[in-house]
Amino acid sequence: MDDVDRSILAVLEQHGRISNAELAARVGLSPSPCLRRVHRLEETGVIRGYRAEIDPAAVGRSLRVFAGVRLMRHNRGDVAAFERAVVQLSEVVHVHHVTGNYDYLLQVEVADLPAYEDFHANRLADLPGVATVSSYVTMKTL
């Protein structure tokens, strides 16, 4: 990977739907070599996909909460059971296995605080192996 590839990636991270001609102009290539580079980055797995960024409020998910989860035990079976279950929860947008005070940091998006209270009490706390959950409600995203 060279500086041109890095430039292509930087532009695509911000503008995933940009035309190849515009992308090529921004990174200083002609369209054909630019397209070959993009295809190579896709084929080698550097570019894993393209997504739409959705406004959570527009789809009834106005409240974003970060939940720190600690597990009771850390054996492979308990970890695997938790991971299989947590990725099935539609309210959980991102799951990160982390170091520090928590084992996992979850990004949860729901309609409002009562919806999060219900989610926390009836779904999240009941996942396999969960010892504690600490919730951090987002006031503003910059």
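Out of all the residues in segment 22-42, is one or more of a type in the set (Asp, Glu) and either more than 30 Å from Thr141 (Cβ to Cβ) or part of a strand (DSSP E or B) (or both)? Scanning segment 22-42 turns up no residue that is of a type in the set (Asp, Glu) and either more than 30 Å from Thr141 (Cβ to Cβ) or part of a strand (DSSP E or B) (or both).
Here are some residues: Glu109, Glu42, Glu22. Which one is modelled with pLDDT of 95 or more, charged (D, E, K, R) and in contact with an Asp or Glu (Cβ under 8 Å, 6 or more places away or on another chain)?
On the way: Glu42 fails: in contact with an Asp or Glu (Cβ under 8 Å, 6 or more places away or on another chain); Glu22 fails: in contact with an Asp or Glu (Cβ under 8 Å, 6 or more places away or on another chain).
Being modelled with pLDDT of 95 or more, charged (D, E, K, R) and in contact with an Asp or Glu (Cβ under 8 Å, 6 or more places away or on another chain) holds for just one of Glu109, Glu42, Glu22, which is Glu109.
Per the conditions (1) closer than 30 Å to Arg17 by Cβ; (2) among the hydrophobic types (A, V, I, L, M, F, W, C); (3) exposed (fewer than 15 other Cβ atoms within 10 Å of the Cβ), the sole criterion not satisfied by Ala121 is (1).
Residues in segment 25-57 that are closer than 30 Å to Glu109 by Cα, of a type in the set (Val, Ile, Thr) and surrounded by 14 or more Cβ atoms within 10 Å (Cβ to Cβ): Ile47 alone.
Residues in segment 61-101 that are assigned to a loop (DSSP other than H, G, I, E, B) and open to solvent by less than 40 Å² (accessible area, probe 1.4 Å): Leu89, Glu91.
With (1) in a loop (DSSP other than H, G, I, E, B); (2) of a type in the set (Asp, Glu); (3) open to solvent by less than 40 Å² (accessible area, probe 1.4 Å) as the list, and Asp5 as the residue in question, which single condition is left unmet? Single failed check for Asp5: (1).
The values are calculated or read from the model by the stated rules, or taken from the named source; none is laboratory data. What you see is a predicted model, and the numbers here were worked out from it, not measured in a lab. As a convention, Cβ positions derive from the backbone with ideal geometry for all residues, glycine included, and neighbour counts pool all protein chains shown. Keep in mind that these areas ignore ligands, DNA and RNA; they rest on the heavy atoms of the full protein, side chains included. Shrake-Rupley method; radii C 1.70, N 1.55, O 1.52, S 1.80 Å.
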